[in-house]
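The values are calculated or read from the model by the stated rules, or taken from the named source; none is laboratory data. Because the structure is predicted, anything quoted here is derived from the model rather than measured. Cβ placement follows ideal geometry from the backbone for every residue including glycine, while neighbour counts extend to all protein chains displayed. Note: accessible area is taken over every heavy atom of the protein model, side chains too, but ligands, DNA and RNA are not part of it. Shrake-Rupley method; radii C 1.70, N 1.55, O 1.52, S 1.80 Å.
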Amino acid sequence: YTPGKKYSSSTIDKTLNESVKRLNGKVPDIYFLHNPLNLELNIKHLIQLLKNKKISSVGVSNFNLEQIKKADNILKQEGFNLAAVQNHFSLIYRKSEEDGIIDWCKEKNIPFFGYMVLEQGVLTGKYTKEHGFSIFSRREILLSKDFVISSILHNSSFFSALIFLSKAFFLFSVK
């Protein structure tokens with residue numbers, strides 16, 4: 001669920017019902033809150049959904065460490081645990097590692113899922129300075145990072161992806 005600026009429990013319920021339809025009536029294993037807007041209100045509503053067995057667990061995405069801890073504490077007060085954290089993470093974008101999120105997840109035995117791990121093709125060698133992104137993409141800045149171009153993009157795509165995936169599996173082996 002991606003909250004808007006204004007809190008609405010009915011929007012959460014509507015979005016969940018649409019997800020359940022797509023899952024052929026199955027209860028979602030993890031229901032992700034995709035940003036921290038109205039964090040406390042949204043987590044409290046998700047707790048009600050947990051209690052009513054409408055969802056099996058709660059994960060958070062695009063949260064900083066303080067927000068993750070707050071969500072976890074609210075869940076724990078009601079007897080639930082945070083099931084997972086999902087943030088942007090790659091060899092180029094390591095903020096979750098730098099900010100201690102991955103270490104915190106390991107310490108708490110909470111799975112961390114990185115998204116955009118191949119930076120929409122940048123880490124595969126698909127894009128170069130000569131063959132860049134569309135003018136609407138913010139990814140062009142990634143190609144200007146000399147260490148990425150020299151250490152990853154000039155290698156073969158297969159080996160670049162293999163090196164990254166090896167590192168990713170090592171970092172994400174929380175349990």
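List of remarks:
- The one condition in (1) without any contact (Cβ under 8 Å) to a residue 12 or more places away in the chain; (2) open to solvent by less than 20 Å² (accessible area, probe 1.4 Å); (3) among the acidic types (Asp, Glu) that Glu66 fails to fulfil: (2)
- Restricting the first member to segment 26-50 and to residues that are of a type in the set (Lys, Arg) and open to solvent by 60 Å² or more (accessible area, probe 1.4 Å), and the second to residues that are at pLDDT 95 or above and not in a helix (DSSP H, G or I), no beta-carbon pair is closer than 6 Å while six or more apart or on different chains.
- Going through (1) farther than 16 Å from Ile110 by Cβ; (2) at pLDDT 95 or above; (3) assigned to a loop (DSSP other than H, G, I, E, B) one by one, Pro3 falls short only on (2).
- Residue within segment 75-94 that is within 15 Å of the chain's Cα centre (by Cα), under 17 Å from Asn35 (Cβ atoms) and among the charged types (D, E, K, R) present: no
- Scanning segment 73-112 for residues that are of a type in the set (Phe, Trp, Tyr) and either open to solvent by less than 30 Å² (accessible area, probe 1.4 Å) or at pLDDT below 95 (or both) yields Phe89, Tyr93, Trp104, Phe112.
- Search result, residues across segment 9-47 that are over 19 Å from the mean Cα position of the chain (by Cα), assigned to a loop (DSSP other than H, G, I, E, B) and farther than 15 Å from Val58 by Cβ: Leu23, Asn24, Gly25, Lys26
- Of the numbered criteria (1) at pLDDT 95 or above; (2) open to solvent by 30 Å² or more (accessible area, probe 1.4 Å); (3) of a type in the set (A, V, I, L, M), the one Ile141 fails is (1).
- For beta carbons closer than 9 Å, sequence separation of 6+ or different chains, a first residue in segment 1-25 that is more than 14 Å from Asn38 (Cβ to Cβ) and a second that is part of a helix (DSSP H, G or I) and open to solvent by less than 40 Å² (accessible area, probe 1.4 Å), the qualifying pairs are Asp13/His45; Asp13/Leu49; Leu16/Leu49.
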